[in-house]
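Just so it is clear, none of the values below were taken in a lab; they were calculated from the coordinates. If you're wondering where the values come from, they're calculated on a predicted model, not measured in any experiment. Cβ atoms come from the backbone with ideal geometry, glycine included; neighbour counts cover every protein chain shown.
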């Protein structure tokens, strides 16, 4: 019993110490040098994004399977890729779930996506990869 009480007391002291440290950090309203700006409007169910070294943003819409790119230099969005046969629902963890650039991007110009898809009658999570030049769907 004594050991359990000591463990609970140590945990409580640790939690209070962490809370005290975090209380001194600046919150979002106090951060200096940052400003909020809307870059992309009208996105339907955004789910994931990754930022290229040049500042372009690759983002995915969960329910449609659409992957688009916000081109920073032109301040506009362009279509990149559509993952067909996406199985999605607002109430489940399905659809387009992740979009990421190859770690060596742009030297290895590939974008990878994880999505719940129906292929040959079977529903499952599948990874797709596409080069950023001549993008096309892969199974």
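Its residues counted as N, the stretch 34-139 yields a C-alpha radius of gyration over 2.2 N^0.38 Å of 1.07. May I ask you to sort 75, 56 by Cβ crowding, counting other Cβ atoms within 10 Å and putting the fewest first? Fewest-to-most Cβ neighbours within 10 Å comes out as 75, 56. Spin-label model, residue 125/residue 108: points 7 Å from Cα along the beta carbon direction are separated by 2.1 nm.
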